[in-house]
Structure formats: C-alpha cells, structure tokens
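Below is one structure, written out as structure tokens, with a few remarks after it.
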Amino acid sequence: MSEKIIEIKSIAKKFGLFEAVKDVSFHVNQGDVFGFLGPNGAGKSTTIRCMLSLVKPDSGSIEIFGKSIFTHRNDILARTGSIIEKPDFYKYLSAYRNLEIFSRLSRLSTSKQDIYKMLDFVGLGGREKDKFSGFSHGMKQRLGIAQTLLHNPDLIVLDEPTTGLDPQGIIDIRNLILRLKNEQHKTVILSSHNLAEIEIICNRMVIINKGVSVVEGEVKALMNNEDLVVRLELSNKEKAKALILAQYPNMTITDINETNIELPIEKSMISELNKDLVNAGIGIFSIEAKRKLEDYFIKMVNT
Amino acid sequence: MIFIKSIYNEVIKIALKPRSYLGIAAITVLVGVILFALKSDGMSIISFVTSSFEQTLSFEGNVLNGNLVAFIILQMLIIQIPLLIALVTGDLVSGEAAMGTIRMLLTQPISRTQLLLSKFIAGGIYTLVVIVWLGFMSVIMGKLLFGTGDLMVLNSDGLVILQEADVNWRYAGGFLVAFLALFTVSSLSICLSCFTDNSIGPIVTTMSIILLFTIIGTLDVHVFDSVRPFLLTSHMASWRSFFEDPLPILDIKNSILILLIHNVLLISISIYVFNKKDITA
C-alpha cells in the first residue's frame, strides 16, 4: 500500500457568513497524480489554500508528509511547489530576477545555472532578461511552473495550470506532469476544469461540490462502476437495432441521426456487441464510449 | 539564514522598483531649488531675519553658510519627507496582495513573522537611504556651495549661535532622531498595509493620520492636551532640539522613547494581523 502524502480530515472554513468549505476529506498517496474536481465555487481553491497554510480552516486536520500543516508549516512548504489560481510575479522584474527572488526563500541552494536550466526546461530559454509585464499568459504560466519546480519539491500543487494555454502548451504541460510522475515519482495535485485532462492524467481524484467532498477514489475504478453509454455509427442502423433488441429485449436504444444510435451497455460487453454486428454483416464506422468523466462529474455534483 | 535572504530580497525589490526613486529624485529637485534660491537671493532673506537684531548685535563673517543652509533645508523639507517614505513603504504588504505575489511568497518556507519583519527592516533601510541622501544634499552640498561657519538658529527662545566646531555632531544627532521619526512613519504605513489588499489606501491613510495629528498638535485646545505629548507628529520635529543650547537632553530622550514605543506597538500589531490574515487575493 502506498504511503499517504496528504491526509485531510473534515476541514471547514467560513468567510463571514459564507461557508466556503463545509466538510472536505480526502487523502493523496505517494506518486499519485491526484485530480481535484468541482464546479466553480465548490471550495477547491479554499481547500488548496488551507493545505498551503494561506487560509486557516475553522476545524479539521491537514497532515502533509505525516506532519500537521499548523505546526510544521515551513518543513512542509520546503518540500512543496505550487501554483495557486494563476502565477503572479513582480511585473517590473525579469523572469530571471523573479525566479531568483523565490529561489532565495527555498532551502535548496540554487545557482544561476540552475535558474537558466529551469527556464530552458519550461521553454523560456532566451527570455531570461525579459520583464514579466511583457509576458503572454502562456509564458506567465510556464514561469509559474519553473518557480514551482525550481527547488525540486516532492509534492506539486497545480491549480488550473493549463488555463489560457494554446493546444501545444496544454500538451506540453500534460507531458510534463506525466514525466514528473513517471520519471521523478513526484506526487501531483491537479485542480482543473478540463475534465478530459483529469481523465487522461490522473490516477486518483476527489470531487468537491458545495464545500463537501462527494466522492474520492481511483479514476478507473470510479469510471468502471457505472454503465457506459456507447454511440455507434453504422452502415445499417435498423438492422443493427433489430439484432440488438433480439439479444437484449430490455435495451433502450436512442436514435441520434440516420446512421448513429446510442445505447447503455457495460464496458465488458462492447467487444461482444462489436463481434455480433460484424458477423451480421453490419458495417461499424465508429464506436464511442459516451460516459466520460464529464457525465460522471455532472451526475455526482447533481446528486 | 532565510531571514537574511528575505531581507535581501525585500531590499532588492525596493531597489528595482521605479517608484522608490521618486523620493530620491524629489529630494534632489527640492533641495536643488532651495540651494539655487538661496545662492541667488539668500542674503536678502537673511537680512530680513537679522534686521530685528541689528540694533543690539552686529553680525560678522559668513552668516549664510552651509550650516545655516542645511538647517533651512531640513526645516522646510522634514514635513514632506514622510510622504516620500510612505509612498514606498505603504506598498510593501498591500502592493504584494494587489499583485498576487503575497500568495507566492507565503507558500515559501519562511514564517509570516520573518517575512513581515524583513519588510520592516527593508523599509528602515530605504528610510535610512532617503535620510542619508537628504543629509548629503543639504549638509555636504550646502557646505560645498556656501562654505562653512557658525550656525545662527532662530527658535522660540530667541537667537542661538552655535560655534562652527560645535555643529557637526548636532547634525549627526538631529539626523538620527529624524531617522527614528521617519522609521515610525514607515512602520505606520506598513502596519496599515497589513489591513488591506489595496496598494494606495495605506499611503493615503498614513498621510491623513500625519495631517490629522499635526492639526491636533498645533491646535491650542485643552481637550487635546493629554494626547498631544504622545502623538507621533509631536516628536517628528525633535531633531531641532539638537540645535538648542543648552541641549534639552530629557526632551530628546523622551521623544526617542515615545518613537520607540510607537515602533514596538506598530510592529506588534502588524505581526498579529499578518499572522491571522487569510490570503484570499
């Protein structure tokens, strides 16, 4: 069993009368890429801020690396890198100067070469002396990633890291997270509105809604618990429907258009259905599993 | 070690921020204008003051010398300097909140108290630089342009004439007390800066408080008698005490003590508020 890196138990936080977080609990294991999901205003940012000691929760406990954030704040933050919401740096300073400022506060001694290497690593090589005020959103995001990784943290917290990035930037960040997990065995918490991204990158996740953690677990296990909705694009829709109903009389088949139908089916039965349709001489142009994380997410937050 | 690095960071940030040079530039221009005015027509101003004493005293030698020029400059500018200090120090915490960098700073392994104290120290270093520059521009430039000589000071008790050899240590003492008063202004603005995420608010509030206290201090109303001795502004002009003869040691000690108490209180309040603060910016 993996070691627990983070254990959050029943945290709650009020701002005046507004209950931003009511009851959030979850844990993150060593080496997880952990998805942190929830609609806007669900309490994700407040929870992350509590984890990083930016906001003090009214109740509950937060343990990171086996220590309480309330009593071992500096030791925990020394091993943590984070981007909260968006990376904000000193506008009047260059990329290099900004990283230098933050690297001085880390416990790891960082040389000029380390900073140059890191800027190169995130694709900002050659822009070291450019002022932050002149950076595009994507460049700011990359500089934020550089600052997060510069002191070689064990835990990386990324809040919406791909927001505003172009498609190539999104792929780069996604690959970077996977490299951090696979090559350096880092633990990553990824809060994102891009649910497909969570589905692709994360192995575990928690869904937060209205300040409460709704569900937590392995992404694959959570996805496999439920039936899928499969969309089929066929050469002969009517013949296919007759065949399916003959085998599964209670099946509800939905017509989408002249060639497409949708039907709820268990994941394990897709290959069998495929074989039956092909054997009956029905051409299958595409099979698309429709119940993705989006559907699961919507179902959970509307429960 | 991380505390020293944090102080260095704060000093670097102040040094690289264009706004920080406004104070230095303003002093250069203001002192330059006063020096030019005194060089062009200084004697007529001096004659206006000395004429009332000419029936009983005769003035010989270089009356309008560097020592007198420096005293005139300090007298004229010491009221404006707090604004120049607050312009930079009032932004040290709230400016970071407005920019969002406070979030980045507070996720580093340095305690909030250490981070805040490094800002107070950096604010103090900036104040010292401003005072040293004011000293250079007034005393050194004054002596270079007007030569040296005995210092003639007109205060509430009458005319005080200080020997040339007796002046330099008084300037040193005067500047030290002026530094302490301005450091208190810096502490006040940083303290106010802990309460808000708006970078202009603490600067305006600091100036408003100084203005209000100055008015209370000058209003000859009995109801304020009990608070007047404890107001920061009542001790901002204490540097002048160094140019009295005999030296009012007790008054100077009292001013230093009250300014130090102000600093301890303001820094303590700031640490308490900053440690309790939820960073939602």
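Set Lys and Arg Cβ to +1 and Asp and Glu Cβ to -1, take the dipole of region B:2-276 about its Cα centre, and tell me which of B:Cys191, B:Gly100, B:Ser241 lies farthest positive. Sorting the options by dipole projection puts first B:Gly100. For chain B, the longest principal axis of the C-alpha atoms and the axis of helix B:20-50 are separated by about 20°.
Most simply put, the protein assembly as shown has about 70% antiparallel DSSP beta bridges, counting only bridges with both residues inside it.
On a 24 Å Cα-Cα criterion, which of the cross-link pairs A:Lys4/A:Lys210; A:Lys140/B:Lys119; A:Lys4/A:Lys117; A:Lys186/A:Lys299; A:Lys13/A:Lys67; A:Lys44/A:Lys267 come out too long? A:Lys4/A:Lys210; A:Lys140/B:Lys119; A:Lys4/A:Lys117; A:Lys186/A:Lys299; A:Lys44/A:Lys267, as the Cα separations exceed 24 Å there. Only beta bridges with both residues in region A:130-238 are counted; by DSSP, about 55 percent of them are antiparallel. Largest GNM mean-square fluctuation among B:Val185, B:Val177, B:Val11, using chain B with Cα springs under 10 Å: B:Val11. Taken about its Cα centre, the protein assembly as shown carries a charge dipole of roughly 860 debye when the Cβ of each Lys and Arg holds +1 and the Cβ of each Asp and Glu holds -1. Of all trypsin sites (Lys or Arg not before Pro) in region A:199-268, which ones are in loop regions per DSSP and have a Cβ with at most 16 other Cβ atoms within 10 Å? Taking region A:199-268 and a limit of 16 other Cβ atoms within 10 Å, the loop trypsin sites (Lys or Arg not before Pro) found are A:Lys210. With all projection directions averaged, the alpha carbon convex hull of region A:226-301 covers 5.1 nm². Applying a DSSP loop filter and a limit of 13 other Cβ atoms within 10 Å to the trypsin sites (Lys or Arg not before Pro) in region A:110-154 leaves A:Lys129.
Given +1 at the Cβ of Lys and Arg, -1 at the Cβ of Asp and Glu and no other charges, the dipole of region B:2-276 around its Cα centre is 1300 debye to the nearest 20. A Cβ-based charge dipole, computed about the Cα centre of chain A with Lys and Arg at +1 and Asp and Glu at -1, lands at about 1180 debye.
Using alpha carbons only, the radius of gyration of the protein assembly as shown set against its Kirkwood radius gives Rg/Rh = 1.19.
Find me the longest stretch of chain B that has none of the exposed GluC sites (Glu not before Pro), where exposed means in a DSSP loop (not H, G, I, E or B) with at most 13 other Cβ atoms within 10 Å. Segment B:61-281 is the longest. On a 0 to 90 degree scale, rounded to 10, what angle separates helix B:66-77 from the longest Cα axis of chain B? It is inclined by approximately 50 degrees.
Shown for region B:2-276 is the translational diffusion coefficient from the Stokes-Einstein equation, using the Kirkwood radius over Cα pairs, a temperature of 20 °C and a viscosity of 1.002 mPa s: 106 µm²/s. At q = 0.26, 0.29 Å⁻¹ the log10 of I(q)/I(0) for region B:143-207 amounts to -1.09, -1.17, computed by Debye summation with a single uniform scatterer per C-alpha, solvent ignored.
Placing unit charges on the Cβ atoms of the charged side chains and taking the dipole of the protein assembly as shown about its Cα centre, the candidate lying farthest along the positive direction among B:Phe175, B:Leu35, B:Ile12 is B:Ile12.
Here the contact order of region A:226-301, divided by its residue count and restricted to Cα pairs under 8 Å and six or more residues apart, works out to 47 percent.
In this simple spin-label approximation, B:Asp41 and B:Lys253 carry label points 7 Å from Cα along the Cα→Cβ vector, and these lie 4.7 nm apart. Any idea what diffusion coefficient region A:1-71 gets from Stokes-Einstein, in µm²/s, Kirkwood Rh on alpha carbon pairs, 25 °C, 0.890 mPa s? Result for D is 196 µm²/s.
Based on DSSP H segments of at least four residues, each scored -39500 (n - 2.57), the protein assembly as shown has a per-residue ellipticity at 222 nm of -15500 deg cm²/dmol. Here the label points at A:Lys220 and A:Lys129, each 7 Å from Cα along the C-beta direction, are separated by 5.1 nm in the simple model.
Compared with the alpha-carbon gap, the fully stretched path from B:Ile4 to B:Leu22 is longer by 3.8 nm at 0.36 nm per residue.
Taking Cβ atoms as reference points and 13 Å as the exclusive limit, the residues near A:Ile62 contribute a net charge of +4, counting Lys and Arg as +1 and Asp and Glu as -1. Computed over neighbours whose Cβ is under 13 Å from that of B:Asn275, the net charge equals +4, Lys and Arg +1, Asp and Glu -1. The angle between the Cα long axis of helix A:237-247 and the main principal axis of chain A comes to about 80°, on a 0 to 90 degree scale. Pairwise alpha-carbon distances in region A:4-219 exceed 29 Å for 24% of all pairs. Summary: within chain A, the longest segment free of GluC sites (Glu not before Pro) located in DSSP loops with at most 14 other C-beta atoms within 10 Å is A:4-182.
We did not get these values from a lab; they are worked out from the coordinates using the rules stated. Please read all numbers here as calculations on a predicted model, not as lab measurements. Cβ: placed from backbone, ideal geometry, glycine included. Neighbour counts: every protein chain shown.
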